[in-house]
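The structure appears right after this line, and notes come after that.
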Amino acid sequence: MPEPAFLFGQFLGGLTAGMFLFTIAAGLSLIFGVLRVLNFAHGSFYMFGAYLGWQVMSWVGPGTEYFWLAALAAAACVALLGIAIEHCLLRHLYRREELYQLLFTYALVLILADCAKIIWGTGQLSVSRPPSLSGAVQIFGTTVPHYNLFIMLLGPAIALGLWLLMHRSRVGRLVRAAVMDREMLGALGANVGSLYTIMFGIGAFLAGLGGALVTPVKSIVPGMDVEVIVEVFIVVVIGGLGSLWGTFLGALVFGQVLAFGILIMPRFSIFAVFALMAIILIVRPWGLLGKPLR
Amino acid sequence: MSALLELQDVHTAYGLSRVLFGISLQIGAGECVCLLGRNGVGKTTTMRSIMGLTRPSAGRVLWKGRDIAGWMPHRIARAGIGFVPEDRRVFAELTVWENLDVAERAAQRRGPWTVARVYETFPALRDLAGRQAGFLSGGEQQMLTIGRTLMCNPELLLLDEPSEGLAPLVVDRLLEQVGALKDQGLTILLAEQGVDFSLRLADRAYVLEKGTVRHSGPAAELRDDAALRHRLLAL
Ligand SMILES: Nc1ncnc2c1ncn2[C@@H]1O[C@H](COP(=O)(O)OP(=O)(O)OP(=O)(O)O)[C@@H](O)[C@H]1O
Ligand SMILES: [Mg+2]
């Protein structure tokens with residue numbers, strides 16, 4: 001039996017990984033919940049967030065508090081990229097079959113991956129933690145970096161923020177009305193097209209933010225887009241695509257299964273996650289907290 | 001009289017199935033006009049064509065003299081036309097208050113209608129303010145859809161089959177309430193299969209048949225002349 005301190009460390013590690021994934025998955029889930037588009041390129045937005053964050057940092061001064069500014073700037077750029085893509089290209093596909101949307105977002109994955117290689121090359125890049133969070137604390141005999149604590153708090157904060165946006169703000173009410181009856185909302189005078197664009201932008205922002213914030217923990221490499229989209233898909237399959245709390249739960253479960261799976265199957269802990277996903281797909285295809293599609 | 005809304009030779013189709021074959025009609029400011037006709041003659045389609053929900057393939061829809069055919073529905077709503085659909089279509093998972101609030105925000109048209117005034121007009125809604133709209137009765141949902149459209153401060157109200165599926169007593173109350181709106185000066189276009197409801201309210205009537213206007217004239221004429229009514233509507 002491993003020591004409690006070690007188990008606690010695993011738990012916190014899983015929690016950190018889960019909250020990183022939640023930040024990204026929340027955007028994917030939001031976009032799907034509102035626009036009914038499954039955006040394969042969400043992982044590419046994440047990758048662009050990482051590269052852009054690195055780029056801004058390299059301009060304003062690596063290893064400084066400008067990290068925060070760089071992360072926000074990168075996320076905002078990714079949001080603008082998302083808005084441009086939705087406004088100019090994607091919206092023309094809503095009336096087509098879903099297969100075309102999937103193909104389109106898949107094409108985006110390939111195009112954006114090549115763009116990233118052209119701009120930033122194929123080497124590894126990395127960013128250091130901001131000085132304010134470069135320390136660590138001891139909790140129950142485990143060393144926990146401040147930065148990880150920040151990520152563990154950021155996840156719930158984003159969840160709460162999104163919930164407030166959807167359920168306590170006017171824009172959120174409009175978005176929920178659009179999901180229920182898009183045509184009727186348009187007939188009442190709402191410009192549903194631009195509402196969708198805004199939501200797509202928010203979803204892309206979250207992906208970009210996740211990418212920019214992950215840079216002190218993971219190095220930036222080509223292929224991180226595909227790696228994360230696989231993980232994020234698993235998260236939303238477990239939790240329920242389109243459901244905010246489902247996505248949150250899915251991310252928590254993913255993180256813990258991965259962290260503790262390592263103890264049982266040291267090299268193959270990802271298989272524990274795949275197995276869980278397979279079981280959920282068979283027993284409850286719409287995820288733990290999701291709703292069956294119409 | 002220059003009409004507030006005028007349809008000139010409007011043709012509309014759903015894909016390949018053609019439904020309207022040249023509808024022309026006029027509505028003056030302050031008038032209450034009804035569209036009569038049997039099942040499937042194109043009353044709803046006429047309203048959808050006005051609202052831009054189904055684009056006319058030919059013809060003109062003139063709103064205060066401007067051709068709005070081809071505009072997006074939200075632009076038409078913001079220009080001052082309010083649509084109350086036949087199957088009610090409340091936002092089922094939003095509360096009554098949220099339904100009204102969403103409509104106010106959606107159209108962004110200033111005017112006399114506020115949530116308080118909707119509650120005054122339909123007092124039953126006040127007590128249901130926090131209830132999810134999907135749980136309301138048919139009559140309550142009908143009041144809510146009308147109230148919701150009024151929150152957009154329309155100058156013209158398109159009312160599609162407001163009495164459909166409601167108990168006679170509820171219909172009587174609705175009739176009074178819509179009558180009150182008319183007395184306040186709101187212009188109304190009413191579509192109904194049943195003649196009772198509409199002929200008690202309307203000033204003029206158009207009778208549709210297979211996507212064309214079969215008859216038009218004062219509502220009183222149809223009200224008083226049972227033989228004419230029978231010939232046109234076979235009721
Ligand atoms: N979305 C649609 N797609 C194809 N055909 C449609 C559609 N909606 C209506 N129709 C057809 O168009 C014709 C006119 O329908 P519409 O709903 O305008 O009639 P209506 O006068 O409102 O009838 P009702 O009194 O039953 O409401 C009908 O034959 C109907 O089957
Ligand atoms: Mg109809």
### Query
By how many nm would the segment from A:E227 to A:A107 grow when fully extended, if each residue of separation counts as 0.36 nm and the alpha-carbon distance is taken off?
41.5 nm
### Message
At 222 nm, what value in deg cm²/dmol follows for chain B if DSSP H runs of at least 4 each add -39500 (n - 2.57) and the sum is divided by all its residues, to the nearest 500?
### Response
-11000 deg cm²/dmol
### Task
Would you mind computing the Rg to Rh ratio of chain A from its alpha-carbon coordinates, Kirkwood style for Rh?
0.97
### Query
When the chain is fully extended, how far beyond the present Cα-Cα distance does B:D196 get from B:R214, taking 0.36 nm per residue of separation?
4.6 nm
### Task
Calculate what fraction, in whole %, of the accessible area of segment A:18-228 sits on carbon and sulfur atoms when a 1.4 Å probe is rolled over the protein chains.
67 percent
#### Entry: Those residues of segment B:28-59 whose amide nitrogen sits under 17 Å from the label point placed on A:E183, 7 Å along Cα→Cβ
B:40-57
### Summary
Two pseudo-spin positions, 7 Å from Cα along C-beta at A:S194 and at A:S134, lie apart in nanometres by 4.5 nm
### Task
Just the number, please: Stokes-Einstein D of segment B:122-235 in µm²/s, Kirkwood Rh from C-alpha pairs, 25 °C, 0.890 mPa s.
159 µm²/s
### Task
List the GluC sites (Glu not before Pro) within segment A:75-165 that fall in a DSSP loop (any state other than H, G, I, E or B) and whose Cβ has at most 13 other Cβ atoms within 10 Å.
A:E97
### Query
In square nanometres, what is the average projected area of the Cα convex hull of segment A:1-133?
11.2 nm²
#### Entry: Largest-first principal axis extents of the Cα set of segment A:113-172 (Å)
44, 42, 17
### Query
With the other protein chains left in place, how much accessible area per residue, in square angstrom, belongs to chain B at a 1.4 angstrom probe?
42 Å²
### Summary
Convex hull around the C-alpha positions of segment A:57-180: the volume in Å³ per residue is 193 Å³
### Query
So what is the orientation-averaged projected area of segment A:147-236, using the convex hull of its C-alpha atoms, in nm²?
7.2 nm²
### Query
In segment A:52-112, which trypsin sites (Lys or Arg not before Pro) fall in coil by DSSP and have 12 or fewer other Cβ atoms within 10 Å?
A:R95, A:R96
### Query
Mind checking the angle between helix A:192-214 and chain A's longest principal axis? C-alpha axes, 0 to 90 degrees, to the nearest 10.
10 degrees
### Message
As I understand it, the value is the acute angle between the Cα axis of helix A:146-168 and the longest principal axis of the Cα atoms of chain A; what does it come to in degrees, rounded to 10?
### Response
20 degrees
## Note on the structure
Shielding of B:51-59 by other chains, given as the mean Cβ count within 10 Å, works out to 1
### Task
Could you give the DSSP H helices of chain B that reach 15 angstrom or more along their long axis (alpha carbon positions) and whose average Kyte-Doolittle hydropathy is no lower than 0.0?
B:168-183
### Cα convex hull of segment B:25-140, projected area averaged across orientations, nm²
8.6 nm²
### Summary
Averaged over the residues of B:102-115, the number of partner chain Cβ atoms within 10 Å of each residue's own Cβ comes to 4
### Task
Would you mind listing how long segment A:187-294 runs along its three principal axes, going by Cα atoms, in whole Å with the largest first?
57, 37, 19
### Query
Ordered by packing density, taken as the mean number of other Cβ atoms within 10 Å over each peptide's residues, highest first, how do B:105-111, B:141-147 rank?
B:141-147, B:105-111
#### Entry: Residue mean of other protein chain beta carbons inside 10 Å, B:81-94
3
## Note on the structure
Here the Cα Rg-to-2.2 N^0.38 Å ratio for segment A:90-247 is 1.28
### Summary
Longest principal axis of chain A (C-alpha) makes with the long axis of helix A:66-88 (C-alpha) an angle, in degrees to the nearest 10, of 30 degrees
### Query
Taking every eigenvalue of the Cα gyration tensor of the protein assembly as shown, multiplying by 5 and rooting it, what semi-axes result, largest first, whole Å?
56, 23, 20
### Query
In a solvent-free Debye calculation with one equal scatterer on each Cα, what is log10 I(q)/I(0) for chain B at q = 0.14 Å⁻¹, listed in the order of the q values?
-0.88
### Query
With springs only between Cα atoms under 10 Å, which of A:F22, A:F40, A:F260 fluctuates most in a Gaussian network model of chain A?
A:F260
### Message
Give me the percent of accessible area attributable to carbon and sulfur for segment B:64-188, probe 1.4 angstrom.
### Response
49 percent
### Task
Kindly report, to the nearest 10 Å², the accessible surface of A:Y66 as traced by a 1.4 Å probe over protein heavy atoms only.
120 Å²
### Task
Find the Cα radius of gyration of segment B:48-94, compare it with 2.2 N^0.38 Å by division, and give the number to two decimals.
1.27
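The values are calculated or read from the model by the stated rules, or taken from the named source; none is laboratory data. Everything numeric here is computed off the predicted structure, so don't read it as measured data. Cβ sites come from the backbone with ideal geometry, for glycine too, and all protein chains shown count toward neighbours. Remember, those area values only see protein heavy atoms, side chains included, never the ligands or the DNA or RNA. Shrake-Rupley method; radii C 1.70, N 1.55, O 1.52, S 1.80 Å.
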